[in-house]
Amino acid sequence: MNAIDGARLLPWTSWDGKPCYLLRGDGTGFVSRLADRVEAEQMTSAAELIEDAYRILADRTWTPGEIHLLAVELNDRLAKVHRVSESRGARLLLMEEAEEEEDGDGLDSDDADEGAETEGAALRPSPR
């Protein structure tokens, strides 16, 4: 496993458009917290743009230029939300793999969770 395998994909790119990564950490450092805030802002911005798009399209009084601008903005927000989902999905996979290694009982994660509930064991905190 190389260093990038466990790295977090950050919600921004380098000046030349290349992906930025944060190498392993516990998720509580400055860059992790900053990335969490940027991701939250990107998700909020996308939700607000969706509302604007509904309003603009419902009015049916738009010009071709307004539709073009809306499409450009929707594409930008969609790309950012996709990046957030890739980053979070990769982190969830790493968490599942770590849990499976800790369990070491051969059960898949659903079976392990059901067993913990029925045996009264402490539940694991849910991922953000």
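The values are calculated or read from the model by the stated rules, or taken from the named source; none is laboratory data. In this text, all values refer to a predicted model and were calculated from it rather than measured experimentally. All Cβ positions, even for glycine, are placed from backbone atoms using ideal geometry, and neighbour counts span all protein chains on display. Note: areas computed on protein heavy atoms with side chains; ligands, DNA, RNA excluded. Shrake-Rupley method; radii C 1.70, N 1.55, O 1.52, S 1.80 Å.
Quick look at the numbers
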item	result
Solvent-accessible ranking of Val31, Val72, Val84, largest area first, probe 1.4 Å	Val72, Val31, Val84
Under-5 Å amide H pairs with Trp12, H placed in peptide plane, nonlocal only	Cys20
Proximal charge balance of Glu66 [Cβ under 15 Å; K/R count +1, D/E count -1]	-1
Segment 38-63-segment 70-100 distance, computed between alpha-carbon centres (Å)	19 Å
Order by protection proxy (mean Cβ within 10 Å, highest first), peptides 14-23, 40-49	40-49, 14-23
Per DSSP, loop trypsin sites (Lys or Arg not before Pro) in segment 3-108 with at most 16 further Cβ within 10 Å	Arg24, Arg60
